[in-house]
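Colleague: I'd like to ask some things about the structure below.
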Amino acid sequence: MPVRVNLKRLEQSIVNFERAPVVKGRILFYGDSFFTRWKPEPWGHPSLESVIVGESGTECTLNHGFGSSTAEELLYYYPRAVKPYEPCAIVYKTFGNDMLFGYSPSDVLEISARLFEYARTDFPGIRLYLFGPEGNRKPTTDYHIRKREYDSLLRHYASQHEDCTYISIMESPLFFYDRADMGDFAKVRDDIFVEDGVHFNMKGYELFAEFFKKELASILV
């Protein structure tokens, strides 16, 4: 199993959240580096909060993504990174790092489900948007197999809970050159990634924004 990420760096991410004024009642994006990199510094992208806005143009989202996080860390930091902000909805994303650190798809769902139960208890009526795993341009056939397994588990979980909505870029034509390739983790378009073939470039985030504006349209007020 790979060495775990520097825990001091994870803790610093949470401290950085805590140093900012507490803003309550927003749509909270909670997950890994795909959310973390959706900001000006040091990545050079317009912030998630400035792009995914309400109908009147006012900010209604909050980006609490932190890089290299797994479901375990997302659960562990929930009392500090989620609960004080009393979100009206949570967009939850994990799994890429979980695979690297040896968690099985069922492990990830079990841990994630505990976080969802906390949110239901703390915020009755909250909406949960469960983000399915994304494809990439790296030759990771084994990872794609495990991604499909997790995706199936997540999709089933969402179908069993009325407060959950499953969302996935793998079902969006925005992220494929050919509609016939939709759903294939190895065939996402290659012009939306930085050199590592995993994380989005500016074009990727522009499409990400378009995707989320559509998926969250009913709660962007």
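Colleague: Taking every pair of distinct Cα atoms and averaging 1/r, then inverting, what Kirkwood hydrodynamic radius in Å comes out for the chain?
Modeller: Numbers: mean 1/r = 0.0567 Å⁻¹.
With all distinct Cα pairs of the chain included, I get 17.6 Å.
Colleague: Counting DSSP beta bridges in the chain, what percent are antiparallel, to the nearest 5?
Modeller: On the way: 2 of 19 bridges.
The antiparallel fraction comes to roughly 10 percent.
Colleague: Here is a follow-up. Ranked by Cβ crowding within 10 angstrom, fewest neighbours first, how are Cys164, Cys60 ordered?
Modeller: Ordered by Cβ neighbours within 10 Å, fewest first: Cys164, Cys60.
Colleague: Additional query: Which value, in nm² and rounded to one decimal, describes the direction-averaged projected area of the C-alpha convex hull of region 178-221? Don't skip to the answer; put the middle values down first.
Modeller: Details: hull surface 15.6 nm².
Seen from a random direction, the Cα hull of region 178-221 projects 3.9 nm² on average.
Colleague: Where in the chain are the DSSP H helices whose C-alpha atoms run 24 Å or more along the long axis and whose mean Kyte hydropathy is at least -0.5?
Modeller: Values: long enough: 105-122 (26 Å, -0.31); 141-159 (27 Å, -1.40).
The answer, listed by residue number, is 105-122.
Colleague: May I ask which of Lys93/Lys213; Lys24/Lys83; Lys8/Lys93; Lys39/Lys203 have a Cα-Cα span longer than 18 Å here? Please report the intermediate quantities before stating the final value.
Modeller: Details: Lys93/Lys213 16 Å; Lys24/Lys83 10 Å; Lys8/Lys93 22 Å; Lys39/Lys203 14 Å.
Beyond 18 Å between Cα atoms: Lys8/Lys93.
Colleague: Could I ask something else about it? If contacts are Cα pairs under 8 angstrom and at least 6 residues apart, what is the relative contact order of region 156-198 in percent?
Modeller: 23
Colleague: Right, something else. For region 11-105, what Kirkwood radius comes out of the mean inverse Cα-Cα distance, in Å? All intermediate terms of the calculation are to be shown ahead of the outcome.
Modeller: Details: mean 1/r = 0.0727 Å⁻¹.
Radius from the Kirkwood sum: 13.7 Å.
Colleague: For Arg148, project a label point 7 Å along Cα to C-beta. Then give me every residue of region 179-194 with its amide nitrogen under 12 Å of that point.
Modeller: Answer for region 179-194: 183-186.
Colleague: Which of the peptides 30-41, 141-152, 89-100, 197-208 is most tightly packed, and how do the rest follow, going by the mean number of other Cβ atoms within 10 Å of each residue?
Modeller: Values: 30-41: 19.5, 141-152: 16.0, 89-100: 22.7, 197-208: 17.9.
Ranking the peptides 30-41, 141-152, 89-100, 197-208 by packing returns 89-100, 30-41, 197-208, 141-152.
Bear in mind that the values in this text are calculations on the coordinates, not laboratory data. Treat the numbers as computed from the prediction; the structure is a model and nothing was measured. A quick note on method: Cβ atoms are made from the backbone with ideal geometry, for glycine too, and the neighbour counts reach across all protein chains shown.
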